[in-house]
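What follows is calculated from the coordinates using simple rules that are stated; it is not laboratory data. Predicted model, so just to flag it, every value in this text is computed and none were measured. Quick reminder, even Gly has a Cβ in these numbers, built from the backbone with ideal geometry, and neighbours come from all protein chains shown.
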Ligand code: MD6
Ligand code: FE
């Protein structure tokens, strides 16, 4: 049976899996709006936002990256699958935001201080976009992934580490929510089964669609 989480108040944590922590309403509307402003700049280039191709098929989600450019199964500094341009640097403010996110999720000070994310995948979903069940395993590091959602809510399917199938839990990720995926959940399968149009709150900076930012440590150097 698919489980649905009850509606949570801002500030209530939920732990859908071991070392997986959902913090509803973590970003203020003001912060969300500022990040959306940044998103429009990132999307313009030097590597424009694009639908990555997975085994020849374009994803319905469009992605722009910071720090390292992700293309299916690898990270590179130049977007060799787009226009060859170098990816934008990873912003310092996002490193600090990532550390604050881990602190909020209950990580120890030592693990917070050791967290230096060096890539962010910034995804844009229109109301028809989906993301199939996958593991995030293109990184060499198993440091946690910090996920931020802005705009329309989505149904996020959080699964198990064995396969794409049940058991899984369907969660709502809403504008401003923080989700931290670490430890025993780091390699859990997960995906976005649908986006819920007209659910973006006034003032978040996005009228329609959903932005998701996932910051990670690649474990790569150079
Ligand atoms: C999304 N997120 O929320 C897609 N991956 O749109 C992911 O694929 C994801 O949210 C790893 C950890 C957290 C995530
Ligand atoms: Fe993922």
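Per-structure values
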| read-out | value |
| --- | --- |
| Where labels lie 7 Å past Cα in the beta-carbon direction, separation of residue 30 and residue 140 in nm | 4.1 nm |
| Those residues of region 27-41 whose amide nitrogen sits under 15 Å from the label point placed on residue 103, 7 Å along Cα→Cβ | 27 |
| Label-point separation, residue 114 to residue 126 (7 Å along Cα→Cβ), nm | 4.4 nm |
| Exposure proxy ranking, count of Cβ atoms within 10 Å, fewest first, for 217, 133 | 133, 217 |
| P(r) of region 91-169 over all Cα-Cα pairs, binned every 10 Å from zero, in whole percent | 14, 38, 39, 8, 0 |
| Three principal axis lengths of region 175-222 [C-alpha, angstrom, descending] | 39, 27, 14 |
| Virtual spin-label span in nm between residue 162 and residue 54, 7 Å along Cα→Cβ | 2.2 nm |
| Theoretical gain in end-to-end length, residue 187 to residue 80 [0.36 nm per residue, Cα-Cα removed] | 35.8 nm |
| Ascending count of other beta-carbon atoms within 10 Å, so fewest first, for 149, 175, 185 | 185, 175, 149 |
| Ranked list, fewest to most other Cβ atoms within 10 Å of each Cβ, for 92, 152 | 92, 152 |
| Largest-first principal axis extents of the Cα set of region 1-124 (Å) | 43, 39, 28 |
| Per residue, the convex hull volume that the Cα atoms of region 136-206 enclose (Å³) | 94 Å³ |
| Rg [Å, one decimal], Dmax [Å, integer] - region 72-222, C-alpha atoms | 15.6, 42 |
